[in-house]
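For reference, the structure is listed below as structure tokens.
The values are calculated or read from the model by the stated rules, or taken from the named source; none is laboratory data. Since we're looking at a predicted model, the values are computed, not measured. We place every Cβ from the backbone using ideal geometry, glycine too, and count neighbours over all the protein chains shown. Areas reflect the complete protein model, heavy atoms only, side chains present, ligands, DNA and RNA absent. Shrake-Rupley method; radii C 1.70, N 1.55, O 1.52, S 1.80 Å.
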Amino acid sequence: GAFYFCRNNLALALPGIEREFKFDKETMGGVLMALKIAYGAGQLINGQLAERLSPRKMLAIGMFASAGLNVVFGFGTALFFFIFVWAMNGYSQSLGWTPCVRVIGNWVPVGRRGWAVGIIGTGYMLTASLTYVVAGAAVELFGWRGALFVPPFILITAGVVMLLFLKEEPEEAQLGPEDRVAKDIEKRTGLLENLRLTASNPALWVLGISLGMLNACRYGYLDWGVSHLVDIEKGRVIKRQIDEALPALGRTEAGAL
């Protein structure tokens, strides 16, 4: 869940970036798109790597890299720099979910994985919502760069806690055989065979398309909701200024007559 502090936070910085650098929304949409493309590609790659590498190490690399890239983004002034850094952040973010799934598979039997994912899903959605509170307060205090400088401290802290306390498998916690979960068969297949089995599963394609359509609506609001509210408020301020100016203008014209 801590990954979201360094993913959704850009939504709070968008109005300030657009105002300072005179970027339009189409331009900033390209920056947001860079993260999504890199994140999707990273999920495919890291989903395979998570079967073979240490989830703890993958999570640590992803968390610390994402935090660092957020800080680097905050020092940026050029569009292509923003796109490149945010794409790298997208790949770093993709190191989060797949190692978590690996650990779930190690610890939780198949019959209880729905409950486990439900708990984790609830947790990271609550954390994602806190991103707007933390990043919003940072923007209020430090300007748009605050949204890139403050949340990384939370992600780094979570990374340290993860390194100290995460047990990848029940064996690391020195539990008895009855508490251990049988290893999935995918660990005994090669990379190409694993990809073939994955790509040839029609259920995964249906789920992938369904989730993609859902995320089109989900991230559309998460990325642009704050900018939309800011634009609405700007419109209200302008309308109020016009309404206040019209009576004075009328009195001036009447006096001239």
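Ranking VAL237, PRO202, PHE142 by how far each Cα lies toward the positive end of the dipole of the chain (charges on Cβ) leaves PRO202 at the top.
In a reduced charge model with +1 at each Lys and Arg Cβ and -1 at each Asp and Glu Cβ, the chain shows a dipole moment near 220 debye about its Cα centre. Roughly to the nearest percent, how much of the accessible area of the chain is carbon and sulfur, given a 1.4 Å probe? Roughly 71 percent, rounded to a whole number. Cross-linked pairs LYS22/LYS239; LYS25/LYS239; LYS36/LYS167: Cα-Cα separations exceed 25 Å for LYS36/LYS167. GNM on the chain, C-alpha springs below 10 Å: top fluctuator among MET213, MET28, MET58? Greatest mean-square fluctuation among the candidates belongs to MET213. At 10 °C and 1.306 mPa s, grab the translational diffusion coefficient of the chain from Stokes-Einstein with a Kirkwood Rh over Cα pairs, rounded to a whole number in µm² per second. The calculation lands on 76 µm²/s. Note on the range 28-177: Kirkwood radius taken over Cα pairs, Stokes-Einstein applied at 37 °C and 0.692 mPa s, translational D equal to 197 µm² s⁻¹. Relative to the dominant Cα principal axis of the chain, helix 151-165 is inclined by about 10°. To the nearest ten degrees, helix 79-107 and the longest principal axis of the Cα atoms of the chain are 40 degrees apart.
Only DSSP H runs of four or more residues enter the estimate; each adds -39500 (n - 2.57), and after division by the residues of the chain the mean residue ellipticity at 222 nm equals -27000 deg cm²/dmol. Compute the angle between helix 25-49 and the longest alpha-carbon principal axis of the chain, please, reported from 0 to 90 degrees and rounded to the nearest 10. On a 0 to 90 degree scale, this one is about 10. Highest-first packing order for the peptide set 110-120, 84-94 is 84-94, 110-120, based on the mean count of other beta carbon atoms within 10 Å. Of the chymotrypsin sites (Phe, Trp or Tyr not before Pro) found in the range 1-83, those that fall in a DSSP loop while having at most 15 other beta-carbon atoms within 10 Å are PHE75.
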